[in-house]
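Participant: Here it is, the structure, as C-alpha cells.
The values are calculated or read from the model by the stated rules, or taken from the named source; none is laboratory data. Just so it is clear, the structure is predicted and the values come from calculations on it, not from any experiment. Every residue, glycine as well, gets a Cβ built from its backbone with ideal geometry; the counts of neighbours run over all protein chains shown.
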Amino acid sequence: MDLLRSQLSKGYVARRDDDYLRANAAALEREVMGKKPDYVVVMNGGIVTEATRKYCDKSGTKLVLWAYDNIDRFRWIAEHARDYDMAYTYEPHDVKPLSELTPTKYLPLAYDPGVYRRLPGSDQKKTDLCFVGSVAEVRPERRRLLGGIARELSGLRIEIWSDTKHWYSPFKYQQILAIRSGKNLDFRLRTAEHSEINELYNRSKICLNINHPQSRGAVNPRSFEILGSGGLLLTDRKMEGVELLEEGRDYLCYSSLDDLLTKVNALATDGERRMGIAESGHSIADRAHTYKARASAVLDDLRTAC
C-alpha cells in the first residue's frame, strides 16, 4: 500500500509540475511580448520558450533567474539555466553548478514589509513559543524537536500551525500524537493566511524556525518573515553569508534539542534580552532584507553587467 501510495504521489507531482511549467511559460511569453521590459526576473526557473528567448535576444530584454529552491528538488532550474543571462540562487551550494551554465550569484530570500510587520500591542505576548511549518512524515526532525518541547516544557504556552494534509502526501496523525497531547499546546492543522502568521509572530515571545532538510545551507523565508514581524528568531541554522545579521545579537541559533530547551527556558523569562535581540534583528531586516532591497541589488548587478 505504501509503495502504491508513493507511486501515485510521484505521478501526480510530475503531472502537476509539468502543468505548472507550461502555464508559467505561456504567461511569461505574454508578459514579455506585451510589455517589452528591459529585464525579466523569473522565480524558480519556469521554462523559457524558444520564442521568448529569441524575442528577448532581438529586443535586448535580459532574462534573470532567481531560484528560491535547490536544483536537486526542481529539475528544470538546472535544465534551463542556460536560457537566462544571469542567475541567482538562495542555496549557496548551487552557485558553483549553476555558474557552469550562466553567471550566478548567491541571493538569499527576503520578506514583504507590507505583510510582515510590527502590530500595535506587540509588546503584550500571549504565547511563549510558536512554530509554523509542516510536520508531515517526511520531516522527522521537526517532530522530534517539537515533541521534545511539548514534553519537557509543559509550563509554556505553545502554538504549532501546520498545513500538510493532501491526498498525495497523507498525513499520519499517529506520528504527532506526542506533540498534540500536551494541554499547553495549541495545534492547528490548516492553511493560515500570511496576516494570521504575522499576528502569531507578534504575540509570541519566541518564534521557532526549523529549515527544511533539503536546503543544505539556505535560509528559508520564515527567518526573514519572523524578523520583519519584530519577533525573536530562534533557528536551527546560522545565517552565515546573510548581510549584516549577526548570531547572538540579531537572532539566536540552537544546535540540539537540549540546547533548544535550555535557550527557550531562559528566553521565556528574560524579557529584556528577548526585546533587545528582536529589536536589533527587526531593524536590520527592515533596512536590508526586504524584497525591495533584493530588487535593488539585482538591478545594480544588471546595470553593471549589461
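Participant: Where residues in region 217-247 are under 14 Å from the mean Cα position of the chain (by Cα) and among the charged types (D, E, K, R), which of them is surrounded by the most Cβ atoms within 10 Å (Cβ to Cβ)?
Facilitator: Among those residues, the one meeting the criterion is Glu225.
Participant: Within the bounds of region 178-196, is there any residue that is under 30 Å from Trp66 (Cα atoms), crowded, with 17+ Cβ neighbours inside 10 Å and at pLDDT 90 or above? Write out each step before concluding.
Facilitator: In the first step, residues of region 178-196 are kept if they are under 30 Å from Trp66 (Cα atoms); the result is 190-196.
Pick out the ones that are also crowded, with 17+ Cβ neighbours inside 10 Å and you get none.
Scanning region 178-196, I find no residue that is under 30 Å from Trp66 (Cα atoms), crowded, with 17+ Cβ neighbours inside 10 Å and at pLDDT 90 or above, so the answer is no.
Participant: On the given criteria, is Arg144 in contact with a Leu (Cβ under 9 Å, 6 or more places away or on another chain), in a helix (DSSP H, G or I) and more than 20 Å from Tyr201 (Cα to Cα)? I'd like the intermediate steps shown before the answer.
Facilitator: Values: in contact with a Leu (Cβ under 9 Å, 6 or more places away or on another chain): yes; in a helix (DSSP H, G or I): yes; more than 20 Å from Tyr201 (Cα to Cα): yes.
So Arg144 fits the description; yes.
Participant: State whether the residues of region 75-95 include one that is at pLDDT below 85 and either in contact with a helix residue (DSSP H, G or I) (Cβ under 8 Å, 6 or more places away or on another chain) or part of a helix (DSSP H, G or I) (or both).
Facilitator: yes
Participant: Looking at Leu119, Leu153, Leu109, which one is aliphatic (A, V, I, L, M) and either at pLDDT below 90 or within 19 Å of the chain's Cα centre (by Cα) (or both)?
Facilitator: Leu109
Participant: A further question follows. Could you tell me whether region 111-121 includes any residue that is outside the structural domain of Arg188 (by TED's automatic domain parsing), of a type in the set (D, E, K, R) and farther than 24 Å from Thr290 by Cα?
Facilitator: Looking for residues that are outside the structural domain of Arg188 (by TED's automatic domain parsing), of a type in the set (D, E, K, R) and farther than 24 Å from Thr290 by Cα, one finds none in region 111-121, hence no.
Participant: Output the qualifying pairs, or none if there are none: Cβ atoms under 8 angstrom, residues six or more apart or on different chains, first residue in region 237-265 and under 13 Å from Gly148 (Cβ atoms) and assigned by TED's automatic domain parsing to the domain that holds Ser280, second residue among the β-branched types (Val, Ile, Thr) and at pLDDT below 95.
Facilitator: Pairs that qualify, where the first residue is under 13 Å from Gly148 (Cβ atoms) and assigned by TED's automatic domain parsing to the domain that holds Ser280 and the partner is among the β-branched types (Val, Ile, Thr) and at pLDDT below 95, are Leu260/Ile149; Leu261/Ile149; Val264/Ile149.
Participant: Just checking, does region 238-248 include any residue being more than 30 Å from Pro120 (Cβ to Cβ), assigned to a loop (DSSP other than H, G, I, E, B) and touching a Lys or Arg at 6+ places or on another chain (Cβ under 7 Å)?
Facilitator: no
Participant: Of the residues Thr102, Thr61, which is crowded, with 18+ Cβ neighbours inside 10 Å, modelled with pLDDT of 90 or more, under 22 Å from Arg294 (Cβ atoms) and over 24 Å from the mean Cα position of the chain (by Cα)?
Facilitator: Thr61
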